[in-house]
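Single-structure report; data block below.
The values are calculated or read from the model by the stated rules, or taken from the named source; none is laboratory data. This one's a predicted model, so the numbers in the text were calculated from it and none came from an experiment. Note: ideal-geometry Cβ built from the backbone for every residue, glycine included; neighbour counts use all protein chains shown.
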Amino acid sequence: MELNGVVHGYQRLHPHPTAGPRMQMHPPEYSTTTTECLVREQDRFMPIANVIRIMRKTLPTHAKISDDAKETIQECVSEFISFVTGEANDRCQREQRKTITAEDILWAMSKLGFDDYIEPLTIYLHRYRELDGGERGSMRGGDPSLMKRSGVGNIDDFAPVFRMGSQLVGPPPPPVPPAATVAGFLNDAAIAGGGGGVGTSRRATGVAGFQPYVRFKE
Amino acid sequence: MRQAGAYSGILSGGGVSGRTGPHLLPLARIKKIMKKSSVDVKMISGEAPLVFSKACELFIEELTKRSWNTTIQGKRRTLHKEDVASAVATTDVFDFLIDLVHPNASGDVDLDEEHVLEKK
């Protein structure tokens, strides 16, 4: 099956396990198809403990998970990341951009059929920016005078943390129109080569009238 | 026994922390996997792994729930790989995983071959 024309550089060094821990089913020599990818197995997958934690959160308390199921899902996550990234990367190349942005990821997910994820992800991203922007501006505690400034929800460097301690996925989110959100809001939010600095020099200047936290406006 | 710190991945949200925040999945690892997805991935914005950390959580939740449906249909309490395979087979968006859960005869993943759904 052709995976939408996306070729993954991510390849396995050994066949899928049939049961239990990863076992090599043939001598440990690398075939020609896998020589490009001599990476440690731990780097190719999410840590299994994290995967299991999320699974358990989803399942009833009495549920048990076999080892092969855990590993399979662990592999599936990596495949998911590769799959979506490949599509996002294609888009960047078509548009002659060098940096894969959050918006590209969301676009790719939508294109590949993961529409249900878009809204929660958009909300998650907004909240993270709100919290992180507050920290980097050294404004813990939600100074009310600053709240006034960004009361209409313009996300800038000094967005205060007016919900300290709030869960990122807890309270009901403000209504956010997903399509407009992604296209407009994230337009200028790309940070080249970022390793995690999500609070620097971000201006939502490309956003015309976008107000994520105005609850009553429609 | 390992203790969960205030900012561990146990909490899906829960409070402000440092740069990484209370994510369930490590951003650096996500970024590595993204880079490996294609030889020409150049630069990745700081927020892209972040979006993935949440997206992967949603993905795992969905895949797990659907797999578990098969488990309980079989009146079992242990989720097996076959249940995951069944979830993949019955969900359109998971088509890209078919090769992963149903390895073909050679055991290798051939990405540019037509997949033949014979072997399970």
- Flag for A:LEU121 being in contact with a helix residue (DSSP H, G or I) (Cβ under 7 Å, 6 or more places away or on another chain), touching a residue at least 40 places away in the same chain (Cβ under 8 Å), under 28 Å from A:GLN42 (Cα atoms) and within 7 Å of chain B (Cβ to nearest Cβ): no
- Task: Considering only the stretch A:43-57, state which residues are closer than 15 Å to B:ARG77 by Cα and under 19 Å from the mean Cα position of the chain (by Cα).
- Result: A:MET55
- Note on the structure: Within the stretch A:73-97, the residues that are facing another protein chain (nearest Cβ under 7 Å), within 17 Å of B:VAL93 (Cβ to Cβ) and of a type outside the set (Asp, Glu) are A:ILE73, A:CYS76, A:VAL77, A:SER78, A:PHE80, A:ILE81, A:SER82, A:PHE83, A:THR85, A:GLY86
- Message: For the stretch B:77-92, check the following and say yes or no: at least one residue is at positive phi and either modelled with pLDDT of 95 or more or within 7 Å of chain A (Cβ to nearest Cβ) (or both).
- Response: no
- Here the residues within the stretch B:55-87 that are in contact (Cβ under 8 Å) with a residue 24 or more places away in the chain and surrounded by 20 or more Cβ atoms within 10 Å (Cβ to Cβ) are B:CYS56, B:GLU57, B:LEU63, B:ALA85, B:ALA87
- Item | So B:ALA55, is it more than 13 Å from the chain's Cα centre (by Cα) and within 7 Å of chain A (Cβ to nearest Cβ) | no
- Query: Only one of (1) in contact (Cβ under 8 Å) with a residue 24 or more places away in the chain; (2) surrounded by fewer than 18 Cβ atoms within 10 Å (Cβ to Cβ) is not met by A:ALA63, so which one is it?
  - Reply: (1)
